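A.B. asks: Dropping a structure here in structure tokens format, bear with me for questions.
The values are calculated or read from the model by the stated rules, or taken from the named source; none is laboratory data. Nothing here was measured: the structure is a model prediction, and the numbers come from that model. Using ideal geometry, Cβ is built from the backbone for each residue, glycine included, and neighbour counts are taken over all protein chains shown.
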Amino acid sequence: MTSNLCLVCHHNASKTLYPGILKCTECGYVYADMTLTDEELFALYNEAFFTGAEFDDYAGDEVFFRKNFRLRIRELKKFIDPARHKDLLEIGSAYGFFLDEVRSEFDSVQGIDITEAGVRHAREQFHLDVVEGDFLSHDYGAQKFDVVCLWDTIEHVRSPHLYVEKIAHHTEPGALLAITTADIDSVNGRVRGRRWRMIHPPTHLHYFSRETLTRLLESYGFEVVYNHYCGFYRSIGQMAYNVLVLRQQKPRLFRVIQKAGIEKLGLYLNLYDIMFVIARRL
Ligand SMILES: [Zn+2]
């Protein structure tokens, strides 16, 4: 048992699901059993996060991230009314690839990220309006957004409920909130258990399901209008890096793949364990 209140249902009732991972016995919300300071958390997201700690070569895989973002945009556009949805904010904008892909669809696109290297890249390469900082502490004044996106981001932040609360504050009814994150209740998540590739604290702190994410969004005035598993493109190099270097500690095998010259080939995968959720502000 822990004294932490569940951020989804506010009960104080959890059990250990896997070592270091807790599950609320009331609502089923799953989260890492750790309390990080801002300094400890932000230190995870330096340039090394994108160049070795989590990604082998994020910027070098730009073509694959852009393909993924075009898939997300295609779905998101089904809910976009160009007369209503004009200003977009991406939280966790990384190197700016999504904002650069989507900028022609909106009057304005803005981003925020805590990684200096990504923010610099987005500004210098794409001339994007991106802030370096933490969304929760950044002062947006009275600014309102029509679309807010968090791609593979909500699982990384310390307090997702405070993010959703602040997003609600900076949106008006009819605004859209788009999120991708892993589904711990997916078949793959259940079968793989503690060895599921998405279980890796301290960068992944939150393990939502359709049920717990919907409940969190509803408690701050959002209605889920779309929830599908989404596929993604990955380079063979990144997939091999995840498996061989990060999980199995076999860097020599990874170098064999690099030498074979196939690391920048891409594959499309849908493991039916990544949720793409679009919610509308009520
Ligand atoms: Zn709960």
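A.B. asks: So, in the range 26-39, exactly how many residues are surrounded by fewer than 13 Cβ atoms within 10 Å (Cβ to Cβ) and in a loop (DSSP other than H, G, I, E, B)?
C.D. replies: Matching residues across the range 26-39 total 2.
A.B. asks: Right, something else. Take residues that are modelled with pLDDT of 80 or more and under 21 Å from Y31 (Cα atoms) and tell me which of the helices (runs of 4 or more DSSP H) falling wholly in the range 184-263 contain 3 or more.
C.D. replies: Passing ranges, in order: 187-192, 210-219.
A.B. asks: Can I ask one more? Among the strands (runs of 3 or more DSSP E) confined wholly to the range 100-183, which include 3 or more residues that are under 27 Å from T214 (Cα atoms)?
C.D. replies: 108-113, 145-151, 171-182
A.B. asks: Which of the residues that make up the range 211-232 are closer than 28 Å to D61 by Cβ and within 15 Å of the ligand (Cβ to nearest atom)?
C.D. replies: Within the range 211-232, L213 is the sole residue that qualifies.
A.B. asks: Condition (residue is under 15 Å from F55 (Cβ atoms), of a type outside the set (G, A, S), touching a strand residue (DSSP E or B) at 6+ places or on another chain (Cβ under 7 Å) and surrounded by 14 or more Cβ atoms within 10 Å (Cβ to Cβ)) applied to the range 251-270: is it met by at least one residue?
C.D. replies: Yes, the range 251-270 contains at least one residue that is under 15 Å from F55 (Cβ atoms), of a type outside the set (G, A, S), touching a strand residue (DSSP E or B) at 6+ places or on another chain (Cβ under 7 Å) and surrounded by 14 or more Cβ atoms within 10 Å (Cβ to Cβ).
A.B. asks: For the range 46-62, does any single residue satisfy the condition of being among the small types (G, A, S), within 16 Å of the ligand (Cβ to nearest atom) and touching a residue at least 24 places away in the same chain (Cβ under 8 Å)?
C.D. replies: Within the range 46-62, not a single residue is among the small types (G, A, S), within 16 Å of the ligand (Cβ to nearest atom) and touching a residue at least 24 places away in the same chain (Cβ under 8 Å).
A.B. asks: In the list R84, R74, R70, which residue meets the criterion of being closer than 30 Å to E116 by Cα, away from the ligand (no atom under 14 Å from the Cβ) and in contact with an Asp or Glu (Cβ under 8 Å, 6 or more places away or on another chain)?
C.D. replies: Unique residue meeting the criteria: R70.
A.B. asks: Another question, if that's okay. Take A13 and decide whether it is more than 10 Å from the ligand (Cβ to nearest atom), at negative phi and in contact with a strand residue (DSSP E or B) (Cβ under 7 Å, 6 or more places away or on another chain).
C.D. replies: no
A.B. asks: Those residues that are under 23 Å from T171 (Cα atoms) and either surrounded by 22 or more Cβ atoms within 10 Å (Cβ to Cβ) or among the small types (G, A, S) (or both), I need them from the range 70-99; list them, please.
C.D. replies: A83, L88, L89, E90, I91, G92, S93, A94, G96, F98, L99
A.B. asks: Can you tell me which residue within the range 100-117, out of those that are in contact with a strand residue (DSSP E or B) (Cβ under 8 Å, 6 or more places away or on another chain) and among the small types (G, A, S), is surrounded by the fewest Cβ atoms within 10 Å (Cβ to Cβ)?
C.D. replies: S108
A.B. asks: Going by the conditions given, is L22 under 25 Å from K166 (Cβ atoms), without any contact (Cβ under 8 Å) to a residue 40 or more places away in the chain, surrounded by 15 or more Cβ atoms within 10 Å (Cβ to Cβ) and within 16 Å of the ligand (Cβ to nearest atom)?
C.D. replies: Taking the combined requirement at face value, the residue satisfies it.
A.B. asks: Only one of (1) touching an Asp or Glu at 6+ places or on another chain (Cβ under 9 Å); (2) in contact (Cβ under 8 Å) with a residue 40 or more places away in the chain fails for G193. Which number is that?
C.D. replies: (1)
A.B. asks: Which number in (1) assigned to a loop (DSSP other than H, G, I, E, B); (2) away from the ligand (no atom under 15 Å from the Cβ); (3) hydrophobic (A, V, I, L, M, F, W, C) marks the one condition that C6 misses?
C.D. replies: (2)
A.B. asks: OK, next. Taking R215, is it in contact (Cβ under 8 Å) with a residue 24 or more places away in the chain, over 22 Å from S93 (Cα atoms) and of a type in the set (K, R)?
C.D. replies: yes
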